[in-house]
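Heads up: the structure comes next, in structure tokens.
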There are 2 protein chains.
Amino acid sequence: MAMKTTALIMAGGRGERFWPKSRRSLPKQFLSLTDDGKTMIQLTVERILPLVAPEDIYIATNRDYKALVREQLPEVPEENILCEPVGKNTAPCIGLGAEHMKKKYGDAMMLVLPSDHLIKYNTIFINTLEDAIDVAAEGKNLVTIGITPDAPETGYGYIRLKSNERCRRAFKVDRFVEKPDLERAKEYLASEEYLWNSGMFVWKVSTVLENLQKYLPDTFAGLERIGAAVGTANEQAVLEKEFSAFKAESIDYGIMEKAKNIYILTGAFGWDDVGSWLAVGRIKKSNEFGNVIDGNVITVDTKNTIVQGGKKLLAVVGVKDLIIVDTEDALLVCDKHSAGSIKKVVENLQICNRTEYL
Amino acid sequence: MAMKTTALIMAGGRGERFWPKSRRSLPKQFLSLTDDGKTMIQLTVERILPLVAPEDIYIATNRDYKALVREQLPEVPEENILCEPVGKNTAPCIGLGAEHMKKKYGDAMMLVLPSDHLIKYNTIFINTLEDAIDVAAEGKNLVTIGITPDAPETGYGYIRLKSNERCRRAFKVDRFVEKPDLERAKEYLASEEYLWNSGMFVWKVSTVLENLQKYLPDTFAGLERIGAAVGTANEQAVLEKEFSAFKAESIDYGIMEKAKNIYILTGAFGWDDVGSWLAVGRIKKSNEFGNVIDGNVITVDTKNTIVQGGKKLLAVVGVKDLIIVDTEDALLVCDKHSAGSIKKVVENLQICNRTEYL
């Protein structure tokens with residue numbers, strides 16, 4: 001009989017690139033950025049339902065967002081919402097999920113997924129995950145999903161594959177590399193040997209825990225103590241004690257750059273990491289002038305502009321290539337070419353302690 | 001003894017070029033567009049106080065704005081607020097003022113001034129008005145103030161002077177011409193014989209009434225009946241009856257293009273008709289990046305932009321040459337080169353019966 005398939009959805013991020021819609025109290029994964037009105041995390045859960053039952057979906061987040069997860073994902077059991085007491089990057093987060101799954105099922109197939117990416121072709125995505133599960137089920141393979149680059153992006157990690165070593169449809173991974181500079185990214189693109197690291201992983205719970213034990217033994221020991229306390233009166237106290245002692249470490253750096261038996265599947269399912277407001281221009285339906293308009297908006301002689309209106313009437317006249325986002329207490333007017341500078345606004349707000357806008 | 005000096009300030013306009021700040025319920029003359037926080041009409045009154053006592057200042061407006069006038073100009077007696085029952089352009093408006101002044105003083109010197117222009121050099125302005133009063137006091141002269149053009153503007157009327165005919169510092173007027181096309185405006189500019197029509201006039205009450213009698217006899221007859229009823233129980237009824245029967249006519253077309261003895265004084269007092277949001281960029285203090293900023297605003301990499309913030313935080317990133325105006329219920333984002341298209345927004349709102357935004 002096939003192993004139970006579970007999923008850990010990572011939803012602890014506090015992105016600032018969708019300010020002023022995204023706030024500390026409402027990060028990107030809880031926003032709706034698509035025309036269907038569903039939030040990113042809702043779409044993430046919906047997408048994997050053909051493979052994973054709601055009671056086998058775990059959400060890793062933190063206490064501040066627990067209420068949002070409950071509200072947006074009522075189908076996920078409350079005990080599956082894992083609140084990290086403090087952010088320690090992805091390795092402890094994934095380990096925490098694995099301990100819960102081990103406690104419940106002994107072993108299980110584990111999908112690890114970001115909560116804030118979009119995928120256009122859900123059927124292809126499910127097929128890819130099924131292939132990944134097949135590869136992860138053989139021995140002690142760690143499987144990752146790579147995205148075929150179409151530009152020398154410097155904002156992603158890259159994964160080099162070995163085109164002559166395969167396991168089923170997957171390639172053996174030669175190495176993980178962190179975000180490159182532009183020159184190196186161009187080399188990677190030209191080499192046709194590198195894929196983008198999508199942050200999606202598939203493995204058995206037992207496999208990832210073994211690798212944690214091998215490469216991050218201190219973290220593993222703490223995770224085991226947390227696992228032992230799950231369901232006991234001490235659970236929360238042990239979680240807080242152990243977690244605060246963990247070294248912050250990404251799964252990429254902590255394990256994937258060192259481990260053996262890593263395989264990569266190419267994901268050709270219309271992936272978008274929705275990295276900035278510019279993505280909304282790609283994702284949402286635009287009108288004949290290239291404008292993407294939501295809300296109470298009048299446009300005159302306006303082109304290629306994203307307008308996310310709020311309650312008030314927004315009149316936009318004679319502009320092009322702008323991002324205009326209205327919210328209850330803050331409004332952004334930004335040139336598309338300066339979307340990367342929105343973080344400067346957030347920095348300024350932090351420096352000036354204007355926390356009401358963060 | 002010198003004649004009493006009175007002023008009629010015309011404040012019935014319903015401009016739409018300052019939308020969304022200006023509304024039907026709050027036109028430009030009642031807005032503050034300068035750094036001192038005073039409204040246009042308040043500045044207009046303050047400016048002439050060296051020449052005219054508050055009780056001799058009359059405000060021509062309509063019923064909708066009477067409360068605003070009372071609120072913004074508490075020093076002007078209530079009986080001096082003349083509410084036109086219906087707009088009939090400037091000739092009936094000026095005639096109405098003249099009748100009130102005649103009733104009170106028999107004859108008086110009358111300054112006629114728009115309520116929504118700015119003047120930078122008040123002392124020079126007062127000197128110019130004093131010169132105009134001297135010219136108007138001689139015989140039956142009609143005196144106008146002309147602005148020396150610095151560009152071939154097509155938005156103003158022009159006045160041709162006769163450089164060889166003078167009365168004191170004033171030139172005799174050859175003719176009034178309505179707003180020209182660009183080619184003609186260029187000719188006017190090159191000729192050095194044309195000044196812009198500022199809409200400011202100085203004359204005796206008796207002189208303007210005589211000219212009304214001569215060139216607009218029907219209107220004059222009605223005005224006389226209104227004048228006779230001032231202070232009686234019938235005043236309002238007569239005003240409404242007569243006014244509604246008047247032909248709408250501008251003072252320029254109705255009298256100035258036909259009358260004799262018209263003189264013009266050049267006004268070199270830093271005049272600005274504040275015709276659009278662009279004017280705010282000229283009038284208000286700009287920072288080192290050429291931005292004119294009011295309110296709760298953060299700018300990043302932004303140049304030559306006018307931001308009129310409201311209550312909410314306005315973050316402006318990577319833009320230039322924009323006009324951004326926030327109000328309680330509407331927000332404008334407009335390229336400076338498209339300021340003339342703001343009226344299209346207002347038109348659209350009218351067509352769609354979205355009167356709450358007008």
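Values in this text are rule-based calculations from the coordinates and carry no lab data. Remember, it's a predicted structure, so these values are computed and weren't measured experimentally. Heads up, the Cβs are rebuilt from the backbone with ideal geometry, glycines too, and the neighbour counts pull from every protein chain shown.
Things worth noting here:
- Measuring between their Cα centroids, the range B:1-73 and the range A:1-62 lie 58 Å from each other.
- Ascending count of other beta-carbon atoms within 10 Å, so fewest first, for A:326, B:150: B:150, A:326
- Translational diffusion coefficient of the range A:207-358 (Stokes-Einstein, Kirkwood radius from Cα pairs, 25 °C, 0.890 mPa s): 122 µm²/s.
- Column: log10 I(q)/I(0), Debye, Cα scatterers of chain A, q = 0.10 Å⁻¹: -0.66
- Cα-Cα over 18 Å, subset of A:284/B:344; A:28/A:311; B:88/B:241: A:284/B:344; A:28/A:311
- Its residue count N sets the reference 2.2 N^0.38 Å, and the alpha-carbon radius of gyration of the range B:277-357 equals 1.13 times that reference.
- Fewest-first sequence of B:292, B:238 by Cβ atoms within 10 Å of each Cβ: B:238, B:292
- The slack in the chain from residue B:253 to residue B:35, taken as 0.36 nm per residue of separation less the alpha-carbon distance, amounts to 74.9 nm.
- For the range B:178-184, Karplus couplings with θ = phi - 60° (6.51, -1.76, 1.60), whole Hz, Gly/Pro x: 6, 3, x, 7, 4, 4, 5
- ³J(HN,Hα) computed for each position of the range A:159-170 - Karplus, 6.51 cos²θ - 1.76 cosθ + 1.60, integer Hz, glycine/proline x: 10, 8, 9, 9, 5, 9, 10, 10, 9, 6, 8, 8
- Spatial separation of Cα centroids for the range B:96-168 and the range B:321-358, in angstrom: 34 Å
- Whole-angstrom gap from the range A:206-224 to the range B:264-293, using each part's C-alpha centre: 69 Å
- For residue B:110, distant residues with modelled amide H under 5 Å away: B:6, B:203, B:204, B:205
- Rg followed by Dmax, in Å, when the protein assembly as shown is reduced to its Cα trace: 36.6, 116
- Using alpha-carbon coordinates, inclination of helix B:90-105 to the longest axis of chain B, degrees: 50 degrees
- Within straight-line reach of residue A:66, meaning a Cα separation under 18 Å, sit the following aspartates and glutamates at least 8 residues removed in sequence or on another chain: A:55, A:56, A:75, A:78, A:79, A:84, A:116, A:235, A:240.
- Axis-nearest residue in chain A [Cβ, rotation onto B], distance in whole Å: A:333, 3
- Label point 7 Å beyond Cα along the C-beta direction, distances from residue A:225 to other copies (nm, shortest first): 10.1
- Copy-to-copy label separations for residue A:248, where each label sits 7 Å from Cα toward Cβ, in nm and ascending: 6.8
- Neighbour-count ranking [beta-carbon atoms within 10 angstrom, fewest first] of A:3, A:109, A:200: A:3, A:200, A:109
- For residue A:266, inter-copy label distances in nm, listed shortest first [label point 7 Å out on the Cα-Cβ vector]: 7.8
- Residue-averaged beta-carbon neighbours from other chains (10 angstrom radius) around A:317-328: 5
- With the simple spin-label model, which puts each label point 7 Å out from Cα in the Cβ direction, the residue A:148 to residue B:177 separation comes to 6.9 nm.
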